[in-house]
Amino acid sequence: MTETPKQTVPVERLRHGDLGDDLSFLLARANALSVSAANTALAAFDLKVRSYSVLALVVGDERPSQRELAEFLRLDPSQVVALVDDLERRGLATRLPDESDRRAKVIVGTTAGRELFAVARRATQRAELEVHSALSAKERELLADTLRRIAYPR
């Protein structure tokens, strides 16, 4: 007996409904596609988008606190603690006393963290280009500018 493959609903058929014109849905769908591609690219480094995002923020000179990371990434503080714990366990980041408030801790990327981030960044950039391949360079720049204005309103 031959098994019949599951019937799938073509995306094209559904995209013409009301939801297909909903800006919030379109942003969420585009984000889901982008996150999926990035997670695939990051798997080789044992990272996911969330841990990569924390690593990206701590390898620079900003020296953010866990609270700042949670607020900026719009994550629950307990999620950030777990992400930082994992990066610290892997030797990619460390917690240091905040020079302006010794009771607080800042998160700083290690040399290994900076090196891994540099390689992982190239992989995510390739994945991003693939996801956004339907856009020209100018359109990608415009999209980034538009999203910045939404993400960081004045």
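What about R67, is it at pLDDT 95 or above and surrounded by fewer than 19 Cβ atoms within 10 Å (Cβ to Cβ)? In short, no.
For segment 87-140, the tally of residues that are under 18 Å from the mean Cα position of the chain (by Cα), farther than 19 Å from S51 by Cα and either assigned to a helix (DSSP H, G or I) or of a type in the set (S, T, N, Q) (or both) stands at 4.
Being part of a strand (DSSP E or B), at pLDDT 95 or above and not basic (K, R) is the requirement here; does V81 meet it?
Details: part of a strand (DSSP E or B): no; at pLDDT 95 or above: yes; not basic (K, R): yes.
No, not satisfied.
Kindly establish whether V81 is farther than 25 Å from A41 by Cβ, surrounded by 17 or more Cβ atoms within 10 Å (Cβ to Cβ) and not aromatic (F, W, Y). Break it down into steps so the answer makes sense when it comes.
Working: farther than 25 Å from A41 by Cβ: yes; surrounded by 17 or more Cβ atoms within 10 Å (Cβ to Cβ): no; not aromatic (F, W, Y): yes.
No, not satisfied.
If the condition is being out of contact with any Leu (no Cβ under 8 Å at 6 or more places or on another chain), more than 17 Å from V81 (Cβ to Cβ) and among the polar types (S, T, N, Q), then segment 91-119 contributes S100, T111.
Does T111 satisfy the criteria of being among the hydroxyl-bearing types (S, T, Y), touching a helix residue (DSSP H, G or I) at 6+ places or on another chain (Cβ under 9 Å) and surrounded by fewer than 18 Cβ atoms within 10 Å (Cβ to Cβ)? Criteria not met by T111.
One residue is enough: does segment 36-56 have a residue meeting the conditions surrounded by 13 or more Cβ atoms within 10 Å (Cβ to Cβ) and at pLDDT below 95? Among the residues of segment 36-56, not one is surrounded by 13 or more Cβ atoms within 10 Å (Cβ to Cβ) and at pLDDT below 95, which makes the answer no.
The values are calculated or read from the model by the stated rules, or taken from the named source; none is laboratory data. The model shown is predicted, which means the values in this text are computed figures rather than measured ones. Note that we place each Cβ from the backbone using ideal geometry, even for glycine, and neighbour counts take in every protein chain shown.
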